[in-house]
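Trainee: The structure follows.
Values in this text are rule-based calculations from the coordinates and carry no lab data. Computed from a prediction, not measured in an experiment: that's the story for all the values here. Positions of Cβ are generated from backbone atoms using ideal geometry, with glycine treated the same way; all protein chains shown enter the neighbour counts.
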Amino acid sequence: MLKLPIYLDNNATTPMDPRVLEAMLPYFTEYFGNAASRNHPFGWKAEEAVDYAREQIAKLIGATEKEIIFTSGATESNNLALKGVFEMYREKGNHIITVNIEHKAIIDTCRHLEKQGAEVTYLEPQPDGRVSVEQVEAAIKPNTILISVMYANNEIGCINPIREIGEMAHRHGVLMHTDATQSIGKIPVNVLTDHIDLASFSAHKMYGPKGIGALYVRRKNPRVKVTSQLDGGGHERGMRSGTLNVTGIVGFGKACELAMNEMAEESIRLAKLRDKLETELLTLEESYVNGSTAHRLPHVSNISFKYVEGEGLMMGVKDIAVSSGSACTSASLEPSYVLKNLGLDDELAHSSLRFGLGRFTNEEQIDFAIDHVKTAVEKLRDMSPLWEMFKEGIDLKSIEWAEH
Amino acid sequence: MAYSEKVIDHYQNPRNIGTLDKSLDNVGTGLVGAPECGDVMRLQIQVNNETGVIEDAKFKTFGCGSAIASSSLATEWLKGKTINDALSIDNMDIVEELALPPVKIHCSVLAEDAIKAAINDYRTKKGLEPIIDGKKHY
């Protein structure tokens with residue numbers, strides 16, 4: 001029996017893997033020590049668990065344990081990376097290069113830094129959502145200290161050429177940060193071969209617990225330092241104070257170990273299911289995939305169904321949990337800035353759904369989702385005046401709409 | 001966001017979806033909203049030329065559940081009313097009936113605008129002055 005609603009919003013968060021929970025449990029009650037307590041076995045036991053998790057996490061991304069700085073999640077990691085680098089390297093320069101479809105934790109942090117005297121270039125991606133190494137290189141100036149380009153986009157799943165960008169950054173002596181929240185644990189990411197100096201990621205996007213994340217900070221070639229944004233006990237090599245979230249860290253470590261072992265197989269299985277979903281939904285007239293399909297996360301599909309509105313569609317597909325590019329609930333009525341910045345018409349941006357498959361998605365659920373979405377789109381088109389006009393061959397752009 | 005039961009009912013069982021022949025002299029059509037705003041409503045009324053009573057009303061809406069429900073409800077209320085009575089339908093009546101939250105009030109405003117636009121289209125066809133609404137929504 002199919003249990004409804006079906007969760008297809010794994011880019012927002014993932015359910016925790018039961019094996020992760022199992023690894024965490026003893027650290028809530030039995031081994032509850034503070035990892036910074038050096039004087040007794042309670043502290044030692046916690047520290048040992050943290051060290052082990054640090055190894056599991058480092059291994060997944062080709063780093064060493066000392067390069068992993070624990071944070072509360074990717075938002076904090078992004079803040080620490082950008083603000084920390086800007087403060088640490090300010091004498092060297094004040095220019096940061098990023099992209100206008102980055103996550104808000106990057107965009108808003110950059111806006112904040114602009115008020116502190118930073119100069120920020122927000123690159124426009126190509127229509128497929130990716131930036132090219134040439135685009136980034138052309139933006140480099142003598143005062144550039146940092147490039148921050150996301151590994152894979154959270155809304156459309158497109159993957160940037162991080163290896164090429166990182167290599168180019170190093171050639172110019174510029175630091176390379178990547179928000180790898182959506183990609184680590186899903187596709188192979190290696191900080192060495194990808195020439196990454198700083199990488200943000202979090203556990204809850206890869207079947208681990210919420211409230212724990214990390215910032216990878218390179219220690220060799222070059223040795224990178226970030227100015228701490230939280231004052232206190234000087235934990236995490238002075239870069240992030242605060243008692244370590246031992247249970248979260250243990251879970252994060254286990255989640256990374258599972259990802260390491262299962263990623264290859266899992267990504268093939270999910271790509272197959274995703275492709276089935278996408279192929280079926282594209283049989284609907286006037287439906288389009290948003291973003292690159294050649295360079296894309298295996299479990300993501302973002303599709304616009306023209307002439308139906310996203311929020312209305314969400315209501316019609318209540319038996320599946322997905323995300324919409326339409327933000328009609330907000331006062332602004334603005335659709336997703338990511339889709340808009342790809343150059344999509346507002347209309348298409350309003351009509352989009354993001355499907356995010358995950359470890360616990362199965363074929364039966366995908367089959368159900370296909371039927372469910374098709375039915376809803378057809379029903380809404382039957383009541384859409386725009387669909388009727390389209391069918392009559394009326395060019396919607398020729399109509400003078402009363403903006404409200 | 002949680003929708004009220006009435007919104008869900010109108011969304012799942014919309015009343016009076018359809019199209020009237022807009023070339024008929026007793027059919028008034030109102031098309032309001034804009035695709036880029038995520039809401040477009042088309043509301044049509046068929047009026048008895050002798051009595052001024054709205055004998056049929058149809059709608060099609062591109063929009064969220066609240067927009068669909070607002071226009072569906074509007075067609076229900078329009079049927080059987082005279083044109084003059086129809087003018088008194090206020091967006092806040094729709095808000096109240098459907099229990100729309102503040103962020104969805106614009107949907108009811110759009111429905112009221114659609115009613116007025118349809119009535120004005122009918123009046124224009126009859127050689128009457130369009131009614132200028134004192135209430136400015138946008």
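Trainee: Distance in nm between label sites at residue B:6 and residue A:108, each 7 Å beyond Cα in the beta-carbon direction?
Mentor: 3.5
Trainee: While we're on this one: How much length would be gained if the chain were fully extended between residue A:319 and residue A:115, taking 0.36 nm per residue of separation minus their Cα-Cα distance, in nm to one decimal?
Mentor: Here the answer is 69.0 nm.
Trainee: For n ≥ 4 DSSP H runs only, could you compute -39500 (n - 2.57) per run for chain A, divide by its residues and tell me the 222 nm figure to the nearest 500?
Mentor: -12000 deg cm²/dmol
Trainee: Rounded to the nearest 0.05, what FRET efficiency do residue B:96 and residue A:190 have when you use their Cβ-Cβ distance and R0 = 41 Å?
Mentor: So the FRET efficiency works out to roughly 0.10.
Trainee: Could I have the simple spin-label model distance between residue A:51 and residue A:288, label points 7 Å from Cα toward Cβ, reported in nm to one decimal?
Mentor: 5.6
Trainee: I'd like the FRET efficiency for residue A:395 and residue B:85, computed as 1/(1 + (r/R0)^6) with the beta carbon distance as r and R0 of 30 Å, rounded to 0.05.
Mentor: It comes to 0.20.
Trainee: Over the stretch A:18-259, what is the percentage of antiparallel beta bridges among all DSSP beta bridges, to the nearest 5?
Mentor: Restricted to the stretch A:18-259, the bridges split so that about 40 percent are antiparallel.
Trainee: Still on this model: Only Cα pairs under 8 Å and at least 6 apart count here; give the relative contact order of the stretch B:1-49 as a rounded whole percent.
Mentor: Value for the stretch B:1-49: 29 percent.
Trainee: Roughly how many debye, to the nearest 20, is the charge dipole of the protein assembly as shown about its Cα centre, given +1 on each Lys and Arg Cβ, -1 on each Asp and Glu Cβ, and no other charges?
Mentor: In debye, rounded to 20, the protein assembly as shown gives about 1720.
Trainee: Still on this structure, please answer the following. Determine ³J(HN,Hα), in whole Hz, for all residues of the stretch A:137-150 in sequence, where each value follows from phi through the Karplus function 6.51 cos²θ - 1.76 cosθ + 1.60 and θ = phi - 60°; x replaces Gly and Pro.
Mentor: 4, 5, 8, 5, 10, x, 9, 6, 10, 8, 10, 10, 10, 5
Trainee: Report the extension gain between residue A:141 and residue A:12 in nm, rounded to one decimal, defined as 0.36 nm multiplied by the number of residues separating them, less their alpha carbon distance.
Mentor: Residue separation times 0.36 nm, minus the Cα-Cα distance, leaves 42.9 nm.
Trainee: Just need the relative contact order of chain A here, percent rounded to a whole number, with Cα pairs under 8 Å and 6+ apart.
Mentor: Relative contact order of chain A: 21 percent.
Trainee: Which GluC sites (Glu not before Pro) in the stretch A:1-72 pass both tests, a DSSP loop state and at most 11 other beta-carbon atoms within 10 Å?
Mentor: Passing sites in the stretch A:1-72 are A:30.
Trainee: Sticking with the crude label model, points 7 Å out along Cα→Cβ, report the distance from residue B:105 to residue A:87 in nm, one decimal please.
Mentor: 4.3
Trainee: Also, quick follow-up: If r is the Cβ-Cβ distance from residue A:126 to residue A:172 and R0 is 25 Å, what FRET efficiency results, to the nearest 0.05?
Mentor: 0.70
Trainee: Over 29 Å between C-alpha atoms is what I'm after, so list which of A:59/A:210; A:374/B:6; B:60/B:126; A:306/B:126; A:306/B:81; A:391/B:125 land there.
Mentor: Flagged as over cut-off: A:306/B:126; A:306/B:81.
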